[in-house]
Amino acid sequence: MIGSRIQPLTKAADKLLPAFAARPYFFDAGLRFECRRCGRCCSGAPGTIYVTSRETVEIAAYLRITPARLRDAYLYPFRDSHSIRETDDGCCLFYGNGCRIYAVRPQQCRSYPFWLGNLRSKRRWHTAMRACPGIGRGRLYTRAQILSIVRTTF
Ligand code: SF4
Ligand code: SF4
């Protein structure tokens, strides 16, 4: 899993975001990305797959199980909510020939690869590109769209 910590939006982050939005970035002309469904970001090195409480309820409903059953079978407590458990070799428990909860996958998964860590510099973006074959291809995301996605990961 290509792991990242998703933090709840804090008042401090809320104050900082207007400043983030005003400055120039290497992606001012946009970035291309289209998922190839290769599953590399769902497997590999262990990582954290943060799930909010609301997402826990949505995933449980999608799987037609109770949130308690979902927590017992698939999640472990992490910070203020949960993370999805992985197999010993770092594969998300919901991965199996594609994401089995794709329609209700957590925002952490939806927002990849537009994570702050990947967008800190062109070099970081190119490093992410080596791990994800969807980066640099397909749909063009505008600067505004990218910043909007980044905002969901605070
Ligand atoms: S193309 Fe990228 S985002 Fe899509 S599954 Fe592969 S590594 Fe993950
Ligand atoms: S929830 Fe789905 S998209 Fe997210 S890491 Fe697990 S298998 Fe991949």
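The values are calculated or read from the model by the stated rules, or taken from the named source; none is laboratory data. Just so you know, these numbers come straight off a predicted model, no measurement behind them. Positions of Cβ are backbone-derived with ideal geometry, glycine not excepted, and every protein chain shown enters the neighbour counts.
Values as computed for the structure displayed
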quantity: Single condition Phe20 does not satisfy, out of (1) at pLDDT below 95; (2) in a loop (DSSP other than H, G, I, E, B); calculated: (2)
quantity: Those residues of the stretch 112-126 which are without any contact (Cβ under 8 Å) to a residue 60 or more places away in the chain and either away from ligand 1 (no atom under 13 Å from the Cβ) or under 23 Å from Leu75 (Cα atoms) (or both), in sequence order; calculated: Leu116, Arg120, Arg123, Arg124, His126
quantity: Flag for Cys41 being part of a helix (DSSP H, G or I) and either under 14 Å from the mean Cα position of the chain (by Cα) or surrounded by 18 or more Cβ atoms within 10 Å (Cβ to Cβ) (or both); calculated: yes
quantity: Index of the failed condition, Ser83 passing every other in (1) exposed (fewer than 13 other Cβ atoms within 10 Å of the Cβ); (2) among the hydroxyl-bearing types (Ser, Thr, Tyr); (3) within 23 Å of Ile149 (Cα to Cα); calculated: (1)
quantity: Check on Ala128, modelled with pLDDT of 95 or more, more than 12 Å from Tyr50 (Cα to Cα), within 14 Å of the chain's Cα centre (by Cα) and part of a helix (DSSP H, G or I); calculated: yes
quantity: Some residue of the stretch 60-78 being surrounded by fewer than 16 Cβ atoms within 10 Å (Cβ to Cβ), at pLDDT below 95 and not aromatic (Phe, Trp, Tyr); calculated: no
quantity: Residue match in the stretch 104-116 (condition: surrounded by 18 or more Cβ atoms within 10 Å (Cβ to Cβ) and among the basic types (Lys, Arg)); calculated: yes
quantity: Yes/no for Gly90 being in contact with a Ser or Thr (Cβ under 8 Å, 6 or more places away or on another chain), assigned to a loop (DSSP other than H, G, I, E, B) and either touching a residue at least 12 places away in the same chain (Cβ under 8 Å) or within 21 Å of Ser148 (Cβ to Cβ) (or both); calculated: yes
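Each row is one residue, and each column tells you yes or no for (1) assigned to a helix (DSSP H, G or I); (2) within 25 Å of Ile146 (Cα to Cα); (3) small (Gly, Ala, Ser).
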{"site": "Ala45", "(1), (2), (3)": "no, no, yes"}
{"site": "Arg54", "(1), (2), (3)": "yes, yes, no"}
{"site": "Ile59", "(1), (2), (3)": "yes, no, no"}
{"site": "Tyr76", "(1), (2), (3)": "no, no, no"}
{"site": "Arg110", "(1), (2), (3)": "yes, yes, no"}
